[in-house]
Amino acid sequence: MLEILPASFALFLSWANLVAVIIGTIIGVVVGAIPGLTGTMAVALALPFTFYLEPTTAILLLVGIYKGSIYGGSIPAILINTPGTPSASCTVLDGYPLAKRGQGGKALSMALYASCVADVISNVALIFFTAYIANFALKFGPPEFFTLICFSLTVIATVAGDSLIKGLLSACLGLLLATAGMDLMYGTNRFTFGITEMLSGVAFIPIMIGLFALPEIMASIRKQQGPAEVFRVKERDWTTWPEFKRCFKTIVRGSVIGVVLGAIPGIGGTPAAFMSYSEAKRYSKNPERFGHGELEGVAAAEAGNNGVCGAAMIPLLSLGVPGDVIAGIILGAFMFHGLTPGPLLFQENLVFVYAIYIGIMLCSLVLLAVGWAAIKAFGGISRIPKKILFPILIATCFFGTYAVNTQGFDLLIMIIAGVIGYGLVLLKIPPAPLVIAFILGPLFEDNLRRSMVLSDGSFSIFLRSPICWLFLALTVLTLVIIARRTYRGMKGKYVGVPLNEG
Amino acid sequence: MKLTVWPGGFAARLGGGVMKGFSLNAWIGVGFIVFAAFVQFVGIPNYISVPGNVPMATLSPRYWPRVICGMMMFLGAAQIIAAYLDAKYNVASKERATIGLSREDAVKIAGIVILLFSYYVAVKYLGFLISTMLFVPVMAYVYGERRIIALILLCAVPGPTLYLFFSRVAYTTFEPGILFS
């Protein structure tokens with residue numbers, strides 16, 4: 001490896017590559033910060049432009065956009081309770097309460113630092129552990145995926161807030177909503193109500209924007225808004241070194257979770273963010289603060305979703321299997337330039353691979369600089385009066401939602417989700433479990449059915465491998481902890497309290 | 001502690017005091033049970049088609065929705081029990097829901113929702129550009145903006161800017177609107 005580094009540096013060190021990394025990261029952060037626009041969209045749009053570039057430059061531009069967009073989604077999530085990208089849905093939980101307390105700068109800077117550290121860890125995993133992680137990912141079949149998703153669903157208990165039952169009810173709504181569309185196995189219609197647009201199911205972006213952004217906008221009409229300063233990103237209100245040190249373990253833990261989940265094709269950043277959050281809350285000395293503006297919650301969420309970035313490239317580079325949709329688009333760029341990801345890539349184009357690694361590491365540094373600038377630029381949003389900001393925001397949400405599938409039906413879904421979301425807020429039913437269940441539900445059902453086909457209906461297939469045992473054991477352990485905590489809570493509430501005779 | 005609870009209070013008047021302890025949290029449980037039962041017995045049989053050659057129950061397109069509805073009914077019942085226990089032991093729990101929506105607030109929220117639906121309909125008939133140029137200043141007016149200059153700028157700037165960005169940069173194709181097509 002060491003002998004090819006000089007050649008890789010020589011290949012990487014060109015103005016075109018440096019500019020591609022910087023421009024790509026800037027585009028990614030800007031796109032990620034606009035609700036409705038996603039990194040997937042930005043990478044897909046940039047792909048044709050890369051056909052005229054050198055292979056290294058092309059890949060680095062797309063990777064820069066990818067990494068920038070994952071961080072960029074946290075900016076509106078923190079400032080205006082609207083995740084810019086799906087994977088920032090978890091950042092909302094603690095980021096927005098922090099912004100409402102006037103600590104938006106702290107939340108944004110912690111999100112940035114956590115993103116950069118997670119990015120570096122993810123890149124290191126990509127560079128040094130590709131073979132091991134890829135081998136581990138190869139062992140995942142439908143039963144392993146199913147048990148992993150079972151464990152992931154226990155995260156719902158963490159984000160259920162003060163009422164576990166209401167959180168689970170919200171999750172059931174999300175699971176039910178996710179069943180709408182064409183059945184993947186038999187191609188029959190489920191809850192399509194004869195509407196053609198429903199055949200592809202309910203899109204995630206309209207649900208996400210409707211559930212998070214619109215209720216906040218609706219709620220703001222009720223009360224006289226406090227001074228705009230309450231949301232202001234204060235000039236010197238950034239994360240301090242002691243605060244960063246306190247959260248460092250959480251960031252590393254979240255990054256590892258992101259790396260492991262990102263290397264498994266089909267999982268994505270959102271479950272990784274929520275799982276990282278859940279584990280952070282479990283290990284925290286102040287778990288009751290999570291969901292009410294805990295900086296560690298922001299760190300965990302961002303570490304989880306950024307840890308996925310580099311790891312999603314692991315199956316792509318080593319096996320030619322994209323880890324997520326964006327990696328799939330990057331695969332297209334590879335193919336166009338005559339490069340075939342997989343074992344052959346490491347044999348025939350090792351210099352190119354290491355040049356990409358160098359560029360990816362530089363991306364993390366560039367992200368830090370671009371993120372700083374973005375915080376200052378977007379922080380200005382908090383100074384705009386709500387009476388001007390919210391109408392423009394609603395219009396942006398409409399445009400962004402429409403841009404996903406260019407169908408007006410998604411706008412209707414978004415509005416209905418907004419009304420439901422506001423209802424959930426009034427009834428103190430948390431929306432986060434609905435979002436998690438909406439994402440994980442289809443994976444859960446799909447892998448359950450595939451496993452049943454493989455095993456001819458026998459549930460013993462879920463005990464077929466150590467990976468299955470591991471995730472089942474983790475699931476059972478988590479459920480026991482939840483049950484114990486709930487029992488203790490009930491005992492504390494009801495035992496020794498005088499009855500209400502009235 | 002007397003809670004200003006609607007529709008718990010409404011139910012109390014209806015039930016002549018019988019339902020006095022039936023807090024909003026309990027109604028949430030009832031609501032979910034009713035919804036789940038509706039989906040289970042009306043929605044699934046009528047809106048999920050099943051092919052004739054499904055070899056086992058777990059593979060049926062109806063299997064997973066039925067499981068979800070079952071879970072929802074169970075949790076709805078648990079919610080009612082939890083609400084009953086809260087009332088019985090006079091627990092002022094944080095998760096106890098109170099809508100606390102005054103008539104004035106309800107009208108404002110309804111107005112916002114109507115505006116959003118109107119924006120959606122306007123997009124269908126007028127297209128994104130014109131409907132956004134109309135919607136943004138109207139929404140700003142509803143939120144309290146009264147300066148004419150500001151309203152004119154809100155009409156002229158955000159709509160065309162967003163339209164240009166999404167059509168030229170994001171390559172989004174916008175339908176012209178039924179009236180212009």
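The values are calculated or read from the model by the stated rules, or taken from the named source; none is laboratory data. Just so it is clear, the structure is predicted and the values come from calculations on it, not from any experiment. Heads up, the Cβs are rebuilt from the backbone with ideal geometry, glycines too, and the neighbour counts pull from every protein chain shown. These area figures cover heavy atoms from the full protein model, side chains too; ligands, DNA and RNA do not enter into them. Shrake-Rupley method; radii C 1.70, N 1.55, O 1.52, S 1.80 Å.
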Quickly run through the range A:187-202 and pick out the residues that are closer than 13 Å to A:Gln407 by Cβ and surrounded by fewer than 18 Cβ atoms within 10 Å (Cβ to Cβ).
A:Ile195, A:Thr196, A:Glu197, A:Leu199, A:Ser200
Cβ-Cβ distance below 6 Å, separation of 6 or more or different chains: which pairs start in the range A:384-398 with a residue that is within 7 Å of chain B (Cβ to nearest Cβ) and end on one that is open to solvent by less than 20 Å² (accessible area, probe 1.4 Å) and among the acidic types (Asp, Glu)?
A:Lys387/B:Glu145
Does A:Cys150 meet the test of being within 14 Å of another protein chain (Cβ to nearest Cβ), part of a helix (DSSP H, G or I) and open to solvent by less than 10 Å² (accessible area, probe 1.4 Å)?
no
Which condition from (1) at pLDDT below 95; (2) surrounded by 18 or more Cβ atoms within 10 Å (Cβ to Cβ); (3) of a type outside the set (S, T, N, Q) is the one that B:Ile68 breaks?
(1)
For residues in the range A:156-172 being in a helix (DSSP H, G or I) and either facing another protein chain (nearest Cβ under 8 Å) or aromatic (Phe, Trp, Tyr) (or both), which is surrounded by the fewest Cβ atoms within 10 Å (Cβ to Cβ)?
A:Leu168
What helices (runs of 4 or more DSSP H) lie completely within the range B:72-181 and have 1 or more residues being open to solvent by 20 Å² or more (accessible area, probe 1.4 Å) and hydroxyl-bearing (Ser, Thr, Tyr)?
B:103-126, B:128-142, B:158-164
Scan the range A:204-226 for residues that are touching a Ser or Thr at 6+ places or on another chain (Cβ under 8 Å) and not aromatic (Phe, Trp, Tyr) and report the count.
6
Note on the range B:104-141: residues without any contact (Cβ under 8 Å) to a residue 40 or more places away in the chain, β-branched (Val, Ile, Thr) and at the interface with chain A (Cβ under 7 Å from one of its Cβ atoms) are B:Ile109, B:Ile112, B:Val113, B:Thr132, B:Val136
Name the single residue, out of those in the range B:12-44 being outside any helix (DSSP H, G or I) and away from chain A (no Cβ under 12 Å), that is modelled with the lowest pLDDT.
B:Val18
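Quick check on A:Leu138: is it closer than 28 Å to A:Ser69 by Cα, open to solvent by 30 Å² or more (accessible area, probe 1.4 Å) and within 14 Å of another protein chain (Cβ to nearest Cβ)?
No; evaluated as a whole, the condition is false for this residue.
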Answer residue from the range B:54-67, given it is part of a helix (DSSP H, G or I) and touching a residue at least 12 places away in the same chain (Cβ under 8 Å) and is nearest to the chain's Cα centre (by Cα) among those
B:Pro65
State whether one or more residues within the range A:289-298 are outside any helix (DSSP H, G or I), open to solvent by less than 40 Å² (accessible area, probe 1.4 Å) and within 15 Å of A:Val63 (Cα to Cα).
no
Only one residue in A:Thr475, A:Thr401 is more than 7 Å from every other protein chain (Cβ to nearest Cβ) and touching an Asp or Glu at 6+ places or on another chain (Cβ under 6 Å). Which one?
A:Thr401
Looking for something within 23 Å of A:Leu148 (Cα to Cα), open to solvent by 80 Å² or more (accessible area, probe 1.4 Å) and of a type in the set (A, V, I, L, M) - is there at least one such residue anywhere in the range A:460-474?
yes
